[in-house]
Structures are given as structure tokens and as C-alpha cells.
Amino acid sequence: MALNLDQKKAIVSEIEDVAKKAISAIAADYRGLTVAEMTELRVKARENNVYLKIARNTLVKRALTDTPYQCMEESLIGPIALFFALEAPGAAARILKDFMEDNKDVEIRALAMGEKLIPVENLESIAKLPTYEEALASLMAVMKAPVTKFVRTLAEPNSKMVRT
């Protein structure tokens, strides 16, 4: 189906808006996937607040021009699905890593965080990045540890006397 100029502009502005808000981005070749597998991938992306878009590479390149993900332009060759993680930096990588365990047809072409292009081999390490809630919980545990240890140290003489 041919797109008119207004539809092309809408696609470019939509991708550009999402790219400016995204934390990380992945470009993946989706050749060989069935409609059911692609639908499953879209559902997982929607559940994890990951924006998934399939569009012409010329439109995507134009949309990424003034965004932090301009570094991905060289990798946009052939049929590409774009994944933009909007909340957790590793959300898109987690989805694709889990999906690629069952489907070997998906090939990661580019992986970017901020303005840096990351080697594709690092997909697993990006997937292991904590979510916001997990990072906050570990930060609180680290901040709470010295106070807890101090209180235990103050209470130890009394506990030792009772045990004796």
C-alpha cells in the first residue's frame, strides 16, 4: 500500500517523538517470523512498555536524524523492527533475548543506549540491567545497611549479657 505525504510525515514524527523519550533502542531483522510469532512479540512489547514499530528504512532514518539514536542509521538495512524501551533500559533487550531462545529467525542489527552504539554481543548484559524498582530497592538496601549494623552493634552488649 502506497503512503501519501501526510501519512509519511505522521510516521516520521511518531518515531521521532518516541525516540527522543526512549532510554534504549534495538533494531532487529524479523525475516522468517510468522504472523503469530510477530503478534506474540508485539503483545510482549506492549506489556513491558516497549514501543515496537516496523516502517520503511528511509522514514526511520529521517525520524532518527535529530535524536540520540542517529548512530543506528548505518544498521538499518533490509526489513527492520525497531524496539524503543520507554521505562527500563533493559526491557527491549529482555523481550528479544527471551524471544530469540525459541525463535532463531530474529537477528539483532543494532543496539543503542543514549547516543552510543553498543556491540550486539552485549544484548545479554543489557537484558540483565535492573528495572527502576529493582535499582531503587538495591539503593535503599545499601543506604540502610550502615544504620542497621550500627544498631546491632549498640544492642550487642545487652544481648551478650542476657545470653550469659
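The values are calculated or read from the model by the stated rules, or taken from the named source; none is laboratory data. These numbers come from a predicted model, not from an experiment. Quick reminder, even Gly has a Cβ in these numbers, built from the backbone with ideal geometry, and neighbours come from all protein chains shown. For the accessible areas, the whole protein counts, side chains as well, though only heavy atoms, and no ligand, DNA or RNA atoms are used. Shrake-Rupley method; radii C 1.70, N 1.55, O 1.52, S 1.80 Å.
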(request) Name every residue in the range 71-101 that is in contact with an Asp or Glu (Cβ under 8 Å, 6 or more places away or on another chain) and over 27 Å from PRO130 (Cβ atoms), in order of residue number. (result) GLY78, PRO79, ILE80
(request) State yes or no: is ILE118 touching a Pro at 6+ places or on another chain (Cβ under 9 Å) and either of a type outside the set (Phe, Trp, Tyr) or modelled with pLDDT under 85 (or both)? (result) no
(message) Residues that are out of contact with any strand residue (DSSP E or B) (no Cβ under 7 Å at 6 or more places or on another chain) and among the acidic types (Asp, Glu), at least 3 per element: which helices (runs of 4 or more DSSP H) completely within the range 1-75 meet that?
(response) 5-21, 35-47
(request) Can you give me the number of residues within the range 76-85 that are in a loop (DSSP other than H, G, I, E, B) and among the β-branched types (Val, Ile, Thr)? (result) 1
(request) Taking the options THR58, THR67, name whichever one is open to solvent by 20 Å² or more (accessible area, probe 1.4 Å) and more than 19 Å from LEU123 (Cβ to Cβ). (result) THR58
(message) Can you pull out every residue in the range 129-164 that is under 23 Å from LYS21 (Cβ atoms) and of a type outside the set (Phe, Trp, Tyr)?
(response) LEU129, PRO130, THR131, GLU133, GLU134, ALA135, LEU136
